[in-house]
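Asks: I'd like to ask you about the structure that follows.
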Amino acid sequence: MKKILLIVFFVLGISLSFSVKVKAAVDGSGSGTNPYIVKSEDDLRWAVSKAVSNGWTYIVLENDVTISNTLKISKGKIDIRARGKDRSINKSIYWTDRVNDVNAPAKMIKVENTAELVLGSAGNVLTINGFKEKLRDRENNDVLCIEASAKATLGEKSVVKDCRNMKMNDESAPIRVYGYLNVYGEIKNCEGLNGGAIKCIGGYVNLDKNAFIHDCYSATEGGAIYLKNKGTLYMEPGSVISDNRSFEEGGGIFCTYESEARIFGGIIENNNSGKSAGGVFSGYGSTLILGRSNSAPIIKNNISKSFGGAIRCNGGSVDGGGKTIINNCEIVGNTATSYGGGISVGGSNGKYESSLSINQLNMHSNKADYGGGLHIESVVKGTNGSFIEIKNTGIYNNTSISGAGIFNQAPIDLIKTSIKSNTASNKGGGIYNYSGAITKMFSGSINENVAKLGGGIYQAGTLQLGEVGFINTSNEVYLPANHHIDIIKKMEKGSGLLALIETEIKAPGTIVVNVNYPGGDGESELYYVGTGDSEKNGDNVTKKFKTTDNIVLRPGAKVEGILNSKYIVLSKKYEISYISNSLDAVLNMPKDQIGFHYEKSTLSSNALIREGFIFDVSKSWNSAASGYGKVYQRGGSIVVKSNLKLYAIWNEIPISKLTMQTRDRYYYVGQKIVLNKKEVTSKVEVKNDAGTNVTYEVVVTSIENNSGKVIAEGYDIKVEDYLSTDKSGIYVLHVKSSSYRGDVSVTGEFKVYVLDARDNKVEVRFISEEFIETVAPWSVWKEEKYDELSKSLSRDDNGIYNLDLTKEDLNEAKKRVKSASYKISAAVVKREKRRLFYTG
Amino acid sequence: MKQFILVIGLAVIAMLVSMTLLSVQTKSDRQTDLDRAVAASVKQTVKASQAGGQKEIKSDKDMVAYFVNVLSTNIKSEGDINIKVMGVDYKDGLLDVKVTQIYKYLNGKRGSVSIRKCAIYE
């Protein structure tokens, strides 16, 4: 018995002495003014164990502390800070410690129940160091785990670094949050299996001012943060997520399964994903909110190997969809290798809807193969209706192969949005409107975008214009076969083109615009000034649309085979030319008409008058000058299919005799005159005995040279082939003229002289503006002083000198000349000059 | 008395008709005369300007003065004259003038005839 009592007292003594020893090592009372002063793991565990349930317990580290087994924070609110100098809470690197157990490594710090832990809120820097490089070969666990209902804060003096949690078959990340985590400090160089720094499973993570997560890596998704199962992330202005990377989606943030990322501010930059979403991934029914009225996040220079250089939202390979609301955001300089250099929006595939709204998005200088700025898949709707509203947004300087501004596969409504200076190497500089997509535009502008096809819009879906929506003339709208522009509301722009259209199909009759609102029609939406009929009458018209290759546009209601008032179609302009078919003057000749492809035109009903002839109505108008072509009735209606030349056909009033008067013609060597039939026969006059003033055609039947040798013979010889002013010569031309019936004819002859002017001493000649080109080639007035001569001849003013002489002046001058025996001497000239120029 | 009035009336009508015919004739004659005189004077002046060793025309103004002297001897019909010199070049032989003769009809109204002539030395 005595022995037993001795043993009991011994044990009690040992225990008591141990207890007194621990107690004795930790100074302080745990209050704010007198915190526990901790120098070892044991001190820390003791201090934590002393936490009060209903208030704050303050602990300061005066040494670095190494954690060998889980430090549980189970009750109260504990604030741990560094004091004196920067301190660390290190993970043990000994393999024998529980945190490095080869089979089941323990968590390093765990906050559970309703406990709250604050690390590094003030004082010196407090670092949580995971020593990942030293423990790379070991299985490991959370560095910090916040259970549901528990709360932790990484204060602005905290740093979490070099932590690693790659525990397979678990949702591993260095920091796991089921409860609530506030971050004001820095997290860097961490690695996780699902989230390089933080994994939030149904909990809340708040990145506040000064939060800085960088250079972390996830072996799957979420280079910095992974949100799951209704987890929520708040990112406030001043926080930064940069230089993180993921092997799969979400180089910065991965948000999945009905989670919510509310990115109100801060910067997400230089993150990199092995698959989609260089910056942020949101999908599987999750919600992504970017910006609010007073703050905008900047998402820049992120790189994705697939969709969404900055953001892939509403994504998911199986349960794709979600909700994305952009209120205020700048997305710049991001790159995706496939779709959506700035943003790629995924469509619903059943379980979750996919909805989107965009307001005040400033998206520029992003790059992708398709959708350099924005890519929206099909089966995406607006958050407030079937159309996705894109409001007050600027999308510019983005580049891609196709759809540099927007690659659209959904119904979108562009409201006061500017799409400018985007460059696609192939299709759709501003917008590629994909098959099945709808782009509605009642306002805003699309300009200065560049593409091989469709600088403004490549319209392979439905393009709806109305009110003041238009596409700048610097940006054509390309319409592939069977596509057009729909006008769904009355256009209210008062002037300027609504769209410059380029079509794949150029054939007349191709529909390019469909006016699709009640009461609207193609004719009223085609013309600012004029109508279809006034254009046909040759009046000036001003149109709202134009084609790049100047193919004429016409209202469909006018076109046979279409006859639909809703359409504006490609057409072709034709000329209906009326030809008098006469050398004589013809009265009442109709003006040429304009006709359009497959449209009806009414021919002139004018009664023509020609002296000596009667208009043959049985043959006129006629497609052939001979009168043996197709007959077009005067005043008749025709459907125009090509240019048309219509000849008047005449019946000559009978005559019995023609007389001919000829005159020799004189030319000089070197004169710039072509000696053709018109020139040399211009002085030949043919008259009939009926006294009618008919002009008869004169033909040259033979040409002889000066020695009487026939050098050309035939009917209607081409005179210029034989005569020219190149060298001197004398020719005899035989000419003939016949009545139009051919029953009466007359012949005659005349000479054509081509003289060497110098031989013939031609010195002074009269000249007029009409004949200025006939100046001899050797004359100074031909070349050297041509301009002076031309200027003089074209004058019609008061001249260089304007001299008034009375008849007395003239008589006086005459007397002086007479008194000099009609020799105008230098003295006479001098006197006259003085009188003319120096008197009065 | 009745016959007297008739004779007087016929005489007045005859006078009016003859005055009308005369004025038409006057204009036509004057135009012909002016055309001939100006054409001849222009041609003669240009020729004179290029004549070898000539001393009379040594400037453009000399050439115009020469033209006026020649014209004064060539023109037959009387009237005031306006000469607009559109172009003149005594060195290479150019004279371009528009000459207008202003005259009075018998009834005191003024009429005018004009001609434009240009000659060059080739």
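Since every read-out is calculated from the coordinates, none of them should be taken as a lab result. Given the structure is predicted, the values throughout are model-derived calculations rather than measurements. Neighbour counts are summed over all protein chains in view; Cβ atoms, including those assigned to glycine, are modelled from backbone coordinates with ideal geometry.
Asks: Taking R0 as 25 Å, what FRET efficiency do you get between A:Y838 and A:T806 from their Cβ-Cβ distance, rounded to the nearest 0.05?
Replies: Values: r = 18 Å, r/R0 = 0.70.
For A:Y838 and A:T806, the calculated efficiency is 0.90.
Asks: Would you work out which of A:L500, A:T393, A:A424 lies farthest towards the positive end of the dipole of region A:376-519? Charges go on Cβ: Lys and Arg +1, Asp and Glu -1.
Replies: Farthest towards the positive end: A:T393.
Asks: I need the GluC sites (Glu not before Pro) found in region A:410-508, filtered to DSSP loop residues with at most 11 other beta carbons within 10 Å of theirs. Working shown, then result.
Replies: Details: sites: A:E448, A:E467, A:E476, A:E492, A:E502, A:E504; in loops: A:E448, A:E492, A:E504.
Here the GluC sites (Glu not before Pro) that fit, given the DSSP loop and packing criteria, are A:E492.
Asks: Could you tell me which of the pairs A:K50/A:K161; A:K107/A:K228; A:K230/A:K416 are separated by over 32 angstrom between their Cα atoms in the structure shown?
Replies: Working: A:K50/A:K161 28 Å; A:K107/A:K228 20 Å; A:K230/A:K416 35 Å.
Listed pairs above 32 Å: A:K230/A:K416.
Asks: What relative contact order, as a whole-number percentage, does chain A give when Cα pairs under 8 Å and 6 or more residues apart are counted?
Replies: Working: 2639 pairs, mean separation 29.9, N = 840.
The normalised contact order for chain A reaches 4 percent.
Asks: On to the next question. Once you have a ≥ b ≥ c as the square roots of the Cα gyration tensor eigenvalues for region A:501-575, tell me rounded if a/c is under 1.5, and otherwise prolate or oblate according to whether a/b is larger than b/c.
Replies: Details: a/c = 1.32, a/b = 1.03, b/c = 1.28.
Here region A:501-575 falls in the rounded category.
Asks: Okay, next question. Mind listing the long-range amide H neighbours of A:G320? Cut-off is under 5 Å, sequence gap 5 or more, other chains count too, H placed in the peptide plane at 1.01 Å from N.
Replies: A:N349
Asks: If you filter region A:370-452 for chymotrypsin sites (Phe, Trp or Tyr not before Pro), then keep DSSP loop positions with at most 14 other Cβ within 10 Å, what is left?
Replies: Of the chymotrypsin sites (Phe, Trp or Tyr not before Pro), not one in the loops of region A:370-452 has a Cβ with at most 14 other Cβ atoms within 10 Å.
Asks: Report, for chain A, the % of DSSP beta bridges that are antiparallel, rounded to 5. Each step should come with its number before you reach the end.
Replies: Numbers: 53 of 243 bridges.
Taking every DSSP beta bridge with both residues in chain A, the antiparallel ones total about 20 percent.
Asks: Given chain B reduced to its alpha-carbon atoms as identical point scatterers, what log10 I(q)/I(0) does the Debye formula return at q = 0.21 Å⁻¹?
Replies: -1.07
Asks: Can you classify the protein assembly as shown as rounded, prolate or oblate using the Cα gyration tensor, where a ≥ b ≥ c are the square roots of its eigenvalues, rounded means a/c under 1.5, and otherwise it's prolate if a/b beats b/c and oblate if not? Please report the intermediate quantities before stating the final value.
Replies: On the way: a/c = 4.17, a/b = 2.93, b/c = 1.42.
Judged from the Cα gyration tensor, the protein assembly as shown comes out prolate (a/c at least 1.5, a/b above b/c).
Asks: Using +1 at the C-beta of Lys and Arg and -1 at the C-beta of Asp and Glu, which of A:T659, A:Y647, A:V177 has the Cα lying farthest in the positive direction of the dipole of chain A?
Replies: Value: A:V177.
Asks: Quick one: plug the Kirkwood hydrodynamic radius of region A:556-597 (C-alpha pairs) into Stokes-Einstein at 10 °C, 1.306 mPa s, and report D in µm²/s. Can you show the working numbers first?
Replies: On the way: Rh = 12.8 Å.
It diffuses with D of about 124 µm²/s by this estimate.
Asks: For A:K591, go through the lysines and keep the ones whose alpha-carbon is under 25 Å away, minus same-chain ones fewer than eight residues off.
Replies: Those lysines meeting the cut-off are A:K536, A:K543, A:K558, A:K572, A:K573, A:K600, A:K619, A:K630, A:K641, A:K645.
Asks: Oh, and also: Taking the number of other C-beta atoms within 10 Å as the exposure measure, put A:D43, B:D35 in order starting with the fewest. Please list the in-between numbers first.
Replies: Numbers: A:D43 21, B:D35 15.
The fewest-first ordering by Cβ neighbours comes to B:D35, A:D43.
Asks: Return A:E41, A:E575 ranked ascending by Cβ neighbour count within 10 Å, so the fewest neighbours appear first. Could you put the intermediate results ahead of the total?
Replies: Details: A:E41 18, A:E575 13.
Ranking A:E41, A:E575 by Cβ neighbours within 10 Å, fewest first, gives A:E575, A:E41.
Asks: Now for a different question. Give me the three principal axis extents of region A:228-306 from the C-alpha atoms, as integers in angstrom, largest value leading.
Replies: Answer, in whole Å and largest first: 33, 27, 15 Å.
Asks: Hey, what's the Kirkwood Rh for region A:456-497 if you take every pair of different alpha carbons, in angstrom?
Replies: Details: mean 1/r = 0.0908 Å⁻¹.
Computed over region A:456-497, the radius equals 11.0 Å.
Asks: So if I take the centroid of the Cα atoms in region A:408-454 and the same for region A:790-840, what is the distance between those two points in Å?
Replies: The distance from the Cα centre of region A:408-454 to that of region A:790-840 comes to 78 Å.
Asks: Sort out for me the Cα centre separation of region A:530-569 from region A:207-225, rounded to whole Å.
Replies: 60
Asks: Now, a different point. With the Cα gyration tensor of region A:302-386 giving a ≥ b ≥ c as the square roots of its eigenvalues, does the rule (a/c under 1.5 for rounded; else a/b larger than b/c for prolate; else oblate) give rounded, prolate or oblate? Please report the intermediate quantities before stating the final value.
Replies: Numbers: a/c = 2.36, a/b = 1.32, b/c = 1.78.
Oblate is the answer for region A:302-386, as a/c is 1.5 or above yet b/c matches or exceeds a/b.
Asks: Can you tell me the dipole magnitude for region A:800-840 around its Cα centre, using point charges on the Cβ only (Lys, Arg +1; Asp, Glu -1), in Debye to the nearest 20? Don't skip to the end; give the middle numbers.
Replies: Details: 11 positive and 5 negative charges, 56 e Å.
Once rounded to the nearest 20, the dipole reads 260 debye.
Asks: Run through region A:775-819 and list the chymotrypsin sites (Phe, Trp or Tyr not before Pro) located in a DSSP loop whose Cβ has at most 16 other Cβ atoms within 10 Å.
Replies: A:W778
Asks: Something else about it: Sorted from largest down, what three extents in whole angstroms do the Cα atoms of region A:159-270 have along their principal axes?
Replies: Cα spread of region A:159-270 along its principal axes, largest to smallest: 35, 27, 22 Å.
Asks: Which of the residue pairs A:K300/A:K440; A:K381/A:K440; A:K367/A:K544 have a Cα-Cα distance greater than 23 Å in the structure shown?
Replies: Working: A:K300/A:K440 29 Å; A:K381/A:K440 13 Å; A:K367/A:K544 34 Å.
Check vs 23 Å cut-off fails for A:K300/A:K440; A:K367/A:K544.
Asks: Right, something else. Please turn the phi angles of region A:276-283 into ³J(HN,Hα) values with the Karplus equation 6.51 cos²θ - 1.76 cosθ + 1.60 (θ = phi - 60°), one per residue in order, whole Hz, x for glycine and proline.
Replies: 7, 6, x, x, 9, 10, 9, x
Asks: Given contacts defined as C-alpha pairs under 8 Å and at least six residues apart, what's the relative contact order of region A:559-678, whole-number percent?
Replies: 27
Asks: What is the mean projected area of the alpha carbon convex hull for region A:667-725, to one decimal in square nanometres?
Replies: 5.2
Asks: Under the Karplus relation 6.51 cos²θ - 1.76 cosθ + 1.60, θ = phi - 60°, what is the ordered set of whole-Hz ³J(HN,Hα) values for region A:404-416, x standing for Gly and Pro?
Replies: Residue by residue, region A:404-416 yields 5, x, 9, 9, 10, 10, 10, x, 10, 10, 8, 10, 6 Hz.
Asks: Under the definition of partner shielding as Cβ atoms of other protein chains within 10 Å of a residue Cβ, what is the mean value for peptide A:777-790?
Replies: 3
Asks: Can you give the three extents of the C-alpha atoms in region A:254-408 along their principal axes, from longest to shortest, in whole Å?
Replies: Reported extents, whole Å, longest axis first: 34, 33, 26.
Asks: May I ask for the distance between the Cα centers of region A:577-641 and region A:120-145, given as a whole number of Å?
Replies: Computed from Cα coordinates, the inter-centre distance equals 99 Å.
Asks: Among all helices in chain A defined by DSSP H, which have a length of 20 Å or more along the axis from Cα atoms plus a Kyte-Doolittle mean of at least 1.6? Kindly include the intermediate steps, with their values, before the conclusion.
Replies: Details: long enough: A:2-25 (34 Å, 1.63).
What comes out of the filter, once short or polar helices are dropped, is A:2-25.
Asks: Quick one: order B:M86, A:M363, A:M660 by neighbouring beta-carbon count within 10 Å, fewest to most. Could the numbers behind the result be given before it?
Replies: Values: B:M86 23, A:M363 30, A:M660 19.
Ordered from fewest to most neighbouring Cβ atoms within 10 Å, B:M86, A:M363, A:M660 come out as A:M660, B:M86, A:M363.
Asks: Reachable aspartates and glutamates from A:K657, Cα under 16 Å, same-chain residues fewer than 8 places away excluded?
Replies: A:E685, A:D689, A:E697, A:D743
Asks: Which of the lysines could a cross-linker bridge to B:K117, judged by Cα under 20 Å and excluding same-chain residues fewer than eight apart?
Replies: A:K782, A:K785, A:K791, B:K27, B:K43, B:K47, B:K61, B:K76, B:K84, B:K91, B:K98
Asks: Here's a follow-up. Please get the size of the charge dipole for the protein assembly as shown, origin at its Cα centre, with Cβ charges of +1 on Lys and Arg and -1 on Asp and Glu, quoted in debye to the nearest 20. Working shown, then result.
Replies: Working: 121 positive and 104 negative charges, 335 e Å.
Using only the charged Cβ atoms, the result is roughly 1620 debye.
Asks: Return a whole-number percent for the relative contact order of region A:504-575, with Cα pairs under 8 Å and 6 or more residues apart as the contact set. Mind dumping the intermediate values first?
Replies: Working: 130 pairs, mean separation 28.5, N = 72.
Computed over region A:504-575, the figure is 40 percent.
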